[in-house]
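Right, one structure below, let's go through it.
The values are calculated or read from the model by the stated rules, or taken from the named source; none is laboratory data. These numbers were taken from a predicted model, which means no experiment stands behind them. Backbone-built Cβ (ideal geometry, glycine too); neighbour counts: all protein chains shown. These area figures cover heavy atoms from the full protein model, side chains too; ligands, DNA and RNA do not enter into them. Shrake-Rupley method; radii C 1.70, N 1.55, O 1.52, S 1.80 Å.
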Number of protein chains: 4
Amino acid sequence: MTEIEIGRGKRGRRAYSFDDIAVVPSRRTRDPEEVSVAWQIDAYHFDIPVMGAPMDSVISPDTAVALGRLGGLPVLDLEGLWTRYDDPTPLLAEIASLDPAVATARMQAIYAEPIKPELITERLRALRAAGVTVAGALSPQRTQQYWKTVVDAGVDLFVIRGTTVSAEHVSGRAEPLNLTRFIYELDVPVIVGGAATYTAALHLMRTGAAGVLVGFGGGAAHTTRTTLGIHAPMASAVADVAEARRDYLDESGGRYVHVIADGGVGTSGDIVKAIACGADAVMLGAALARATDAPGRGYHWGPEAHHQLLPRGERIALGGQASLEEILLGPGRQADGTTNIMGALRRAMATTGYSDVKEFQRVEVVVAPYAGR
Amino acid sequence: MTEIEIGRGKRGRRAYSFDDIAVVPSRRTRDPEEVSVAWQIDAYHFDIPVMGAPMDSVISPDTAVALGRLGGLPVLDLEGLWTRYDDPTPLLAEIASLDPAVATARMQAIYAEPIKPELITERLRALRAAGVTVAGALSPQRTQQYWKTVVDAGVDLFVIRGTTVSAEHVSGRAEPLNLTRFIYELDVPVIVGGAATYTAALHLMRTGAAGVLVGFGGGAAHTTRTTLGIHAPMASAVADVAEARRDYLDESGGRYVHVIADGGVGTSGDIVKAIACGADAVMLGAALARATDAPGRGYHWGPEAHHQLLPRGERIALGGQASLEEILLGPGRQADGTTNIMGALRRAMATTGYSDVKEFQRVEVVVAPYAGR
Amino acid sequence: MTEIEIGRGKRGRRAYSFDDIAVVPSRRTRDPEEVSVAWQIDAYHFDIPVMGAPMDSVISPDTAVALGRLGGLPVLDLEGLWTRYDDPTPLLAEIASLDPAVATARMQAIYAEPIKPELITERLRALRAAGVTVAGALSPQRTQQYWKTVVDAGVDLFVIRGTTVSAEHVSGRAEPLNLTRFIYELDVPVIVGGAATYTAALHLMRTGAAGVLVGFGGGAAHTTRTTLGIHAPMASAVADVAEARRDYLDESGGRYVHVIADGGVGTSGDIVKAIACGADAVMLGAALARATDAPGRGYHWGPEAHHQLLPRGERIALGGQASLEEILLGPGRQADGTTNIMGALRRAMATTGYSDVKEFQRVEVVVAPYAGR
Amino acid sequence: MTEIEIGRGKRGRRAYSFDDIAVVPSRRTRDPEEVSVAWQIDAYHFDIPVMGAPMDSVISPDTAVALGRLGGLPVLDLEGLWTRYDDPTPLLAEIASLDPAVATARMQAIYAEPIKPELITERLRALRAAGVTVAGALSPQRTQQYWKTVVDAGVDLFVIRGTTVSAEHVSGRAEPLNLTRFIYELDVPVIVGGAATYTAALHLMRTGAAGVLVGFGGGAAHTTRTTLGIHAPMASAVADVAEARRDYLDESGGRYVHVIADGGVGTSGDIVKAIACGADAVMLGAALARATDAPGRGYHWGPEAHHQLLPRGERIALGGQASLEEILLGPGRQADGTTNIMGALRRAMATTGYSDVKEFQRVEVVVAPYAGR
């Protein structure tokens, strides 16, 4: 671990983003058709290693079904518009039409509507009825309040996702969520994060989680860095957590915890690099919100965009031109890594001679900061 | 200390700016409400670790009172317009309306007016009467001429601030300020700087200063680098001076000298990083000059902007839209690190699990140059 | 070999592009007129170390003859328009006039026309009749199908060029090309690539190839990095493969395999650096497509631009103003490294005191990333 | 000396430009008035360590006198317009008015006029008559042809300046200039360059030169890098040559050869850094061509701009607004390092506590690449 002296009184590691690295072909090649990009977590099989991020601009009940049928794992945000409103469709349309000057304030108002437990139940049952793997996400803050509703409604996978989730949260006001006990008592596998370092991830793994989301899961990286000074360059974060997975595998006598890159994964090239650094799958937000049939209607936002006191993200205009299917499975239309992203992953694996995602984690990479050249 | 060979005949350390680093969450998390950002220096307590820079665009008698009431420590420039003119308000308005082509020349003329000792007395007494901690700043060049006026008027904290202040200034023309004797004889605690290296800061600490301003305190970093070739990347400078504090604490048998980052602190993210590198507090200029109620009326300038022979700074248009209170305590309006900066600091501390500023100096950081991505 | 820890679970080498390095004069100087830039591969002598890339925007039968007469080695793409159409001239004109919005789709349609073996024969015989060295290129995928046609038509040099060509391609569908046996049985020298690492290149050398193309030979580097996450910084790639050449020279008891930089060579400065890193020659695409008499008529594209499912390159507008002769041999017109590129190579060699290309591979270089300053 | 592995077959040093470094104050401070920026080479004393570059856009007979009176050392280009034409004033005006599209061609024509030895004599005698130190420059190619004319006309300092000048030039056509014999036989001190490395400079020092110009002295660095692939980052080059000076001082038993930074010195900050790296003086081109009274009338060009076959520089529009005197001695007008450059040097030296140029070569520097922040 290379530590750099920032000044006499402070040292820090050099950390790398996906833009800082690249994959290099260095051995045999292979036909793209003979490459598998399948992913299996717990009892659930997916044709593609893609989770849809629990954000209102990415996953609605409709796109959840669509993504599930295309082979991925959609996660519905159980604290979003779909559990606050019977029919949020007009509000989604309104958000897409807001003037930037008032967008934050109006979104704060829209999201001030309380969550309705009965809508949680209704949304999850609808997904079940549609035949896709059912996954819903809560923030750590609200998990204790709503988990029972979620479990009673029936989920296959339970996601706890916050900007930073630690195994040990300190709070004087309320009994904090004891992740270890919670996961132990729960019947369904839990995917939890974000975590951005070896230690944080190892602690999450020890809670019994089936998967760890790697990243600072909420709010655009850019604004998080500007407002909070916090930044976890993703290539380093994924590679760190992958090592925690390896060490925990040994420590636990064989529990394989999945590593899911959640953040900084905007193009097919980023997916390739996330796996190259050790990810088993990726959670996609903006990459899917770009779909012409995405609920955000060309816009994308996270919970930070409408935080009451400290809005740290922004509603971002994306302006894509391809459908969800074209984005995932092609055919490609632009050469910018935003369409046919699974085709690009297959080709990258074929060009470097790997046949499945797990094996591809070993591919050779170089550090070569990308300066837009 | 990593030294790099620039060429065979010259070596230099690699130095880092705040943009080069970031904080990384790596352990427990905590509720933001349970975080303290209080700061105590000598007998004075502050709710927030923020000094208002002694610049006419930042601190007027009115904003001094406002900043004091919001919990910070305002420092009035005792060589600025308020000690040169009975009522500089029309001049502040004029400066804000100057055409860029003539701004430097006109500002040189405005600041050519002599300092009136009786105005120093009047301004400081007014602050005292308003009930806030009274702090005024002089440059090292004028400290000998006016310090008695200042002390007689009554100050709680005395600030000596110049581009670079050394414990040993060499001058053949006049008896230079002997900082050690001056501070020893003075009754009030002295905060002095800028200093940008371990050695320079250690020497300042040995003069008996209560606090050291870290930075090249005057003139925008950009223009200083272009005109003088001088640059002290702040992350390295703060970390260096923090180590000097540690060593001096030992050497002096327990004197804790406060380290105040003064320069390069433009956003809440920078405040987070300054403390992460070892700062006890920050001195804010542009960050506060952005306030709609700041005296600079949307403009910001330092003494270098109206230097008679070598103007090295420029009057900068800032164009903020939030009040001083919103900037410091929120609610946030933009996700750019310019509003609710104390809320952002709290959240960064909570996310990384620290409960007070001193403890947060130990947070983990990474080196990850920010390329605007 | 410097390995960097990206994160705990992943290491990678730091790799450099041509933009990251520069040549430094450090010894004697020499008259440019006394410098030789000649290149000899197998029995074929060339006045300049330049191959024309097998791309429809670069090499047509006419420009092949022109380039050959100017001293270089043109390579005709045997899977391009000239072997699909009797007279592709109108199609080349159409491609140059396509609206960007429909360019990819129309090019996909144009290139859907099957290859005609009799046109391969006709094109190669015309080149032979013109008296230039005859070289044609196939992709690895089509080499088995067409190689006999090519050899029967008569070629001096056979080029197998794909994005990544490995000595061992794995395919379940068809018998993959066994390069070693193929080259052994063939009568003509084979140049094969791209390869981007020491190992990949060494394996290609062991197949008996006369030359190895270094690079990721197809598709713009920029889009390949974005879509596939793959990038092989050229300075490092060439220097790696040059070492493979040295090691194979020893291992084989004296077989000298030529190293040809293919990709990232856009200016005369890049040619200088490619040779400085160990290249024997360069393969030029865009640099020659810029010619006013180039077949692309101001546009440039590779096979990736019209890939059916995953278009990864784009038709690029180049807009040059010099003829092929001016580009190669001058006189220079612009100071941007796009004209008189052989004159620039001579001058760089003269300024650093080297008299031939092989010797110039030893020139001193520095690492100094170019930030557009 | 840190060597980096570019690839397995090639290593190179990391080299730094002035933009990559900065000076850091780390000890005492000093009054700017008590700083000396004087420079003495051989018997000649100068108030400021500034040579005016022998370029038609910088030094005419008139500006030579002006620069000499302001304390610097002007060098007239003896191969420029003033030795080709009786009165080049109309041509200078024409060059300043040329359309960019035809500028190179027209300048090639203007400079095709032969050099008149009698004009060399006339120009140098006029300088002598004006009472300034007389210095003229020839290229290495023409030194043998014209040196006798120059010496007979009378010069105080003889400058031989080319893109790269080596102690050993190889030429089959003509007897190359034997620098050692030439300098030995000459009565006047010789300043020679450019040289960019330790070895090249050491060899030049051994020829008996009084000073070495450090840099790649001709053509903009940007275009040289693009066209020739050659680049000598100036901070490293100056620091290397300064070490050669130290070693040669020992080897020669006390001969101190002056190191003059020639290239990359565009602002006062660059001058500060050049001296910090070990330079005794700087040769200024563009920095002086910016003067409203410069002969280039707002334009600047080197001999490369009108090279017959390989134009590598360009006529650059500079657009300054200050006189030569304001540029050198102030008062400053802009905060961009282009005016009062000697005042800035004094202030940088005072801020860091140094009292003369030689001593300032020891100032502390940091490596902190400047990213426009």
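Values for this structure:
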{"quantity": "As computed over the stretch D:239-373, the Cα convex hull volume per residue (Å³)", "calculated": "160"}
{"quantity": "For the protein assembly as shown, the Rg and Dmax computed from alpha carbons only, in angstrom", "calculated": "34.5, 105"}
{"quantity": "Three principal axis lengths of chain A [C-alpha, angstrom, descending]", "calculated": "55, 48, 43"}
{"quantity": "Cα centroid separation - the stretch B:300-373 against the stretch B:240-279, whole Å", "calculated": "16"}
{"quantity": "Partner aspartates and glutamates for C:Lys273 [C-alpha distance under 18 Å; skip if fewer than 8 residues away on the same chain]", "calculated": "C:Asp19, C:Asp20, C:Asp240, C:Glu243, C:Asp262, C:Asp336, C:Asp356, C:Glu359, C:Glu364, D:Glu3, D:Glu5"}
{"quantity": "In Hz, Karplus ³J(HN,Hα) per residue of the stretch C:266-281 (6.51, -1.76, 1.60; θ = phi - 60°; x = Gly, Pro)", "calculated": "x, 10, 4, x, 5, 4, 4, 5, 4, 5, 4, 7, x, 6, 8, 7"}
{"quantity": "Karplus (6.51, -1.76, 1.60) ³J(HN,Hα), θ = phi - 60°, over the stretch B:19-24, in Hz, Gly and Pro reported as x", "calculated": "5, 7, 10, 7, 8, 10"}
{"quantity": "Relative contact order of chain C, defined on C-alpha pairs under 8 angstrom at six or more residues apart (%)", "calculated": "23"}
{"quantity": "Carbon plus sulfur fraction of accessible area for the protein assembly as shown, probe 1.4 Å, in percent", "calculated": "48"}
{"quantity": "Peptide A:196-202 - average C-beta neighbours from other chains (10 Å radius)", "calculated": "4"}
{"quantity": "Cα-based equivalent ellipsoid, the stretch A:32-98: semi-axes from gyration tensor eigenvalues, Å", "calculated": "29, 13, 8"}
{"quantity": "Amide H contacts of B:Gly136 (H built 1.01 Å from N, under 5 Å, at least 5 apart or other chain)", "calculated": "B:Leu76, B:Leu157, B:Val159"}
{"quantity": "Gyration tensor verdict on the stretch D:78-174 (Cα atoms; rounded if a/c is under 1.5, prolate if a/b is larger than b/c, oblate otherwise)", "calculated": "oblate"}
{"quantity": "Average beta-carbon neighbours from other chains, 10 Å sphere, peptide C:327-338", "calculated": "5"}
{"quantity": "Bridge type composition, the protein assembly as shown - antiparallel percent by DSSP, nearest 5", "calculated": "25"}
{"quantity": "D_trans [Stokes-Einstein, Kirkwood Rh over alpha-carbon pairs] for the stretch D:319-370, 20 °C, 1.002 mPa s, µm² s⁻¹", "calculated": "174"}
{"quantity": "P(r) histogram, all alpha-carbon pairs of the stretch A:1-66 included - 5 Å bins from 0, percent", "calculated": "3, 10, 10, 12, 13, 13, 13, 11, 8, 5, 2, 0"}
{"quantity": "Cut-off under 5 Å, modelled amide H: who pairs with A:His258 long-range", "calculated": "A:Gly211, A:Val212"}
{"quantity": "Pairs of alpha carbons in the stretch A:76-117 whose separation is greater than 14 Å (percent)", "calculated": "47"}
{"quantity": "Heavy-atom accessible surface that D and B bury in contact, both chains counted, 1.4 Å, Å² to 100", "calculated": "4300"}
{"quantity": "At 7 Å out from Cα toward Cβ: C:Glu359 inter-copy label distances (nm, ascending)", "calculated": "5.0, 5.0, 7.0"}
{"quantity": "Cut-off 11 Å between beta-carbons: net charge of the residues surrounding B:Gly229, Lys and Arg +1, Asp and Glu -1", "calculated": "+1"}
{"quantity": "Reachable lysines, given that their alpha-carbon falls under 28 Å from the alpha-carbon of C:Lys116 and they are not under 8 places away in the same chain", "calculated": "C:Lys148"}
{"quantity": "Inter-chain Cβ neighbour average for residues B:345-353, partner chain, 10 Å", "calculated": "5"}
{"quantity": "Using a 7 Å Cα-to-Cβ projection, C:Tyr44 label spacings across copies, nm, ascending", "calculated": "5.7, 5.7, 8.1"}
{"quantity": "Surface accessible to a 1.4 Å probe, C:Asp187 within the full protein complex, Å²", "calculated": "150"}
{"quantity": "Of every Cα-Cα pair in the stretch A:139-257, the percent that sits beyond 26 Å", "calculated": "21"}
{"quantity": "Calculated from backbone phi, Karplus (6.51, -1.76, 1.60) coupling profile of the stretch C:182-192 in Hz, x at Gly/Pro", "calculated": "4, 5, 4, 7, 6, 8, 9, x, 10, 10, 9"}
{"quantity": "Accessible area (Å², per residue) of the protein assembly as shown, counting only protein heavy atoms and a probe of 1.4 Å", "calculated": "34"}
{"quantity": "Amide H partners (placed H, <5 Å) of A:Ile21, local residues excluded", "calculated": "A:Ala368"}
{"quantity": "Most to least accessible of A:Ser57, D:Ser26 (protein chains only, probe 1.4 Å)", "calculated": "D:Ser26, A:Ser57"}
